[in-house]
Amino acid sequence: MRSPFLRFAMLAPLLAAAPCWAQEIDQLQNAAQAEFRLLSEDLGASLSYHAQIPSEPLGIAGFDIGVGVTATRLEHSAIWQRVTSDDAGSTLYVPTLRLHKGLPAGFDIGLTYAAIPGSNIRYTGGELRYAIVKGGAASPAIAIRGTLTKLSGVDQLSFETRGLDVSISKGFAFLTPYAGVGRVWVESTPHVGGLQKEEFSLTKVFVGLGMNFAVLNLNLQADRTGDAGSYSLKLGWRF
């Protein structure tokens, strides 16, 4: 997590190079049970819900629509190499479409869809967030969030995460830094003979920075889930 924001400028050009990300999970039979557990921990960091938004509520008329990419440095890349038939590096890049909508009484709902081009890795996710403190000119916003993600497209694996976190943010002019901590519960079920289901939980901590330019919004985030670090960039429209 050292100097995370130095990495963000490198993520945007990757959107134009999406075809080179193609990595299919199609060789799970090459993993032993202990390796499958470590692989599932890396996938928990990659495919769990990444907030990419500050804590204050959008308001009943508010929308935040964006596209983003999350890069996760895999702690066990040698195992990842064995379970895919493609050339695999040590970083998994996941592009996403994201929508947040403000609801009454300090609630917000968020939806995300991710699909790695040329790969069988896809997932859908969502969040329900409640601002315990809505924040203002002199006070920060504090929110609790529940999240879900579910993998699809991989015949050899069923994978889903559930998360719960608390976050805080405070706006200063067009900048809104935020931070949070929570827990992610992972359920990873292989459909390959010899491997057993893994269920476990991971700690997630994250920091981010939202930048608003009229309706245009740029969001940068770094987080650590378990032992793996992720870096996210989102470009969107907030109104």
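Can you run down the residue pairs with Cβ atoms below 6 Å, 6 or more apart or on separate chains, where the first is in the range 173-196 and farther than 16 Å from GLN221 by Cα and of a type in the set (Lys, Arg) and the partner is open to solvent by 20 Å² or more (accessible area, probe 1.4 Å) and at pLDDT 95 or above?
ARG183/LEU164; ARG183/SER201
If you go through the range 26-65 one residue at a time, how many are within 30 Å of SER139 (Cα to Cα) and aliphatic (A, V, I, L, M)?
So the count comes out to 6.
Based on this model, can you work out whether ALA143 counts as farther than 24 Å from PHE172 by Cα, touching a strand residue (DSSP E or B) at 6+ places or on another chain (Cβ under 6 Å) and not hydroxyl-bearing (Ser, Thr, Tyr)?
Details: farther than 24 Å from PHE172 by Cα: no; touching a strand residue (DSSP E or B) at 6+ places or on another chain (Cβ under 6 Å): yes; not hydroxyl-bearing (Ser, Thr, Tyr): yes.
So ALA143 fails the test.
All but one of (1) buried (at least 17 other Cβ atoms within 10 Å of the Cβ); (2) more than 24 Å from VAL205 (Cα to Cα) hold for GLY62, so report the exception by its number.
In the conditions (1) buried (at least 17 other Cβ atoms within 10 Å of the Cβ); (2) more than 24 Å from VAL205 (Cα to Cα), GLY62 misses (1) alone.
Of the residues ARG162, ARG145, which single one is under 18 Å from GLN52 (Cα atoms) and open to solvent by 10 Å² or more (accessible area, probe 1.4 Å)? Don't jump to the end; show me each part of the working.
Values: ARG145 fails: open to solvent by 10 Å² or more (accessible area, probe 1.4 Å).
Of ARG162, ARG145, the one residue that is under 18 Å from GLN52 (Cα atoms) and open to solvent by 10 Å² or more (accessible area, probe 1.4 Å) is ARG162.
If you go through the range 198-235 one residue at a time, how many are more than 30 Å from LEU157 (Cβ to Cβ) and open to solvent by less than 10 Å² (accessible area, probe 1.4 Å)?
Pass one, the range 198-235, residues more than 30 Å from LEU157 (Cβ to Cβ): 207, 209-218, 220, 235.
Those left that are additionally open to solvent by less than 10 Å² (accessible area, probe 1.4 Å): 210, 217.
Matching residues across the range 198-235 total 2.
Answer yes or no: is there a residue in the range 62-83 that is more than 14 Å from the chain's Cα centre (by Cα), assigned to a loop (DSSP other than H, G, I, E, B), over 16 Å from TYR123 (Cβ atoms) and of a type in the set (Ser, Thr, Tyr).
Scanning the range 62-83, I find no residue that is more than 14 Å from the chain's Cα centre (by Cα), assigned to a loop (DSSP other than H, G, I, E, B), over 16 Å from TYR123 (Cβ atoms) and of a type in the set (Ser, Thr, Tyr), so the answer is no.
Quick check on the range 177-197: of everything there that is out of contact with any Gly (no Cβ under 7 Å at 6 or more places or on another chain) and open to solvent by less than 30 Å² (accessible area, probe 1.4 Å), which residue is farthest from GLY44 (Cα to Cα)?
Among those that are out of contact with any Gly (no Cβ under 7 Å at 6 or more places or on another chain) and open to solvent by less than 30 Å² (accessible area, probe 1.4 Å), it is VAL192.
Among (1) closer than 17 Å to THR176 by Cβ; (2) open to solvent by less than 10 Å² (accessible area, probe 1.4 Å); (3) not in a strand (DSSP E or B), where does PRO57 come up short?
Condition (2) is where PRO57 drops out.
May I ask you to list pairs of residues, at least six apart or on different chains, whose Cβ atoms are under 8 Å apart, with the first in the range 118-129 being touching a residue at least 24 places away in the same chain (Cβ under 8 Å) and over 16 Å from TYR93 (Cα atoms) and the second being hydrophobic (A, V, I, L, M, F, W, C) and open to solvent by less than 20 Å² (accessible area, probe 1.4 Å)?
Here the result reads GLY125/ALA114; GLU127/ALA51; ARG129/ALA143, each pair linking the range 118-129 to a residue that is hydrophobic (A, V, I, L, M, F, W, C) and open to solvent by less than 20 Å² (accessible area, probe 1.4 Å).
Just give me the residues in the range 110-120 being at pLDDT 95 or above and open to solvent by less than 70 Å² (accessible area, probe 1.4 Å), in sequence order. Don't jump to the end; show me each part of the working.
First, pick out the residues of the range 110-120 that are at pLDDT 95 or above: 110-114.
Within the range 110-120, GLY110, THR112, ALA114 qualify.
Return the residues of the range 165-176 that are surrounded by fewer than 16 Cβ atoms within 10 Å (Cβ to Cβ) and at pLDDT 95 or above; say none if nothing qualifies.
Filtering the range 165-176 down to residues surrounded by fewer than 16 Cβ atoms within 10 Å (Cβ to Cβ) leaves 166, 172-175.
Scanning the range 165-176 gives VAL166, LEU175.
Which condition number does THR96 fail, the rest of (1) under 17 Å from the mean Cα position of the chain (by Cα); (2) surrounded by fewer than 19 Cβ atoms within 10 Å (Cβ to Cβ) being met?
For THR96, the failing item is (2).
Can you name every residue in the range 99-109 that is in contact with a Phe, Trp or Tyr (Cβ under 9 Å, 6 or more places away or on another chain) and open to solvent by 20 Å² or more (accessible area, probe 1.4 Å)?
So the first thing to find is which residues in the range 99-109 are in contact with a Phe, Trp or Tyr (Cβ under 9 Å, 6 or more places away or on another chain), and the list is 99-102, 105-108.
Passing the criteria: LEU99, LYS101, ALA105, PHE107.
The values are calculated or read from the model by the stated rules, or taken from the named source; none is laboratory data. Since we're looking at a predicted model, the values are computed, not measured. Positions of Cβ are generated from backbone atoms using ideal geometry, with glycine treated the same way; all protein chains shown enter the neighbour counts. SASA here: full protein model, heavy atoms, side chains in, ligands and nucleic acids out. Shrake-Rupley method; radii C 1.70, N 1.55, O 1.52, S 1.80 Å.
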